[in-house]
Amino acid sequence: MKAIKVTAAIIIKNEKVFIAQRSKNDELSGKWEFPGGKIESNETAQECLERELFEEFGIRTKILDYLGESIFDYGNKLIHLLGYFTEHLSGDYILQVHQNCKWIDVNEFDDIDWAPADIELVKQLKKKLTDQ
Ligand SMILES: Nc1nc2c([nH]c(=O)n2[C@H]2C[C@H](O)[C@@H](COP(=O)(O)OP(=O)(O)OP(=O)(O)O)O2)c(=O)[nH]1
């Protein structure tokens, strides 16, 4: 099975991380994720994230450092998730495809019902945020 490359943005403000909940008619309905999406042919991961964040929330962003990756086999598809720290430049967060969103503290990470592929990435993020 060929892995589908998906980008995920880690946006931090006032020490809180932005997460979004997948919509009702989605196969991962109700699960929480870092916003992003599938990388299309002829675009970089960074271009993909900027495009997805504008499409999904109407925000303009700048992609910063790479955090890490998570590869997860959902059975019907293999997801290769790539996490990037991302800076919010402008625009209000307006939900276009998600059912909800929120800002969470690192102490709340373990209470979130994450999309399964995110669990490994969350682990890496938690380590990075608490080790420094
Ligand atoms: N964006 C995003 N997708 C994730 C995460 N974790 C995770 O398992 N996924 C999965 C769900 C989907 O199967 C896939 C990304 O699909 P998507 O629906 O968000 O991307 P897209 O906008 O490019 O999709 P589409 O319109 O072509 O359906 O990756 C995550 O943290 N962020």
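At a glance:
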{"read-out": "Unique residue being crowded, with 20+ Cβ neighbours inside 10 Å, over 27 Å from LYS127 (Cα atoms) and of a type in the set (Val, Ile, Thr) when the list is ILE59, ILE11, ILE39, ILE19", "value": "ILE59"}
{"read-out": "When residues of the range 4-56 are limited to those that are of a type in the set (S, T, N, Q), at pLDDT 95 or above and on the phi < 0 side of the Ramachandran plot, the one nearest to the ligand (Cβ to nearest atom)", "value": "THR7"}
{"read-out": "Hits in the range 96-132 (condition: of a type in the set (A, V, I, L, M, F, W, C), surrounded by 15 or more Cβ atoms within 10 Å (Cβ to Cβ) and under 14 Å from the mean Cα position of the chain (by Cα))", "value": "CYS101, TRP103, PHE109, ILE112, TRP114, ALA115, ALA117, LEU121, VAL122, LEU125"}
{"read-out": "Residue that is farthest from ILE19 (Cα to Cα) [pool: residues in the range 56-94 that are among the aromatic types (Phe, Trp, Tyr) and part of a strand (DSSP E or B)]", "value": "PHE72"}
{"read-out": "Qualifying residue in the range 89-101 (condition: farther than 21 Å from ASN25 by Cβ, out of contact with any Cys (no Cβ under 7 Å at 6 or more places or on another chain) and within 14 Å of the ligand (Cβ to nearest atom))", "value": "no"}
{"read-out": "Test: residue in the range 108-118 that is in a helix (DSSP H, G or I) and within 12 Å of the ligand (Cβ to nearest atom)", "value": "yes"}
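The values are calculated or read from the model by the stated rules, or taken from the named source; none is laboratory data. For clarity, every value in this text was computed on a predicted model and none was experimentally measured. Backbone-built Cβ (ideal geometry, glycine too); neighbour counts: all protein chains shown.
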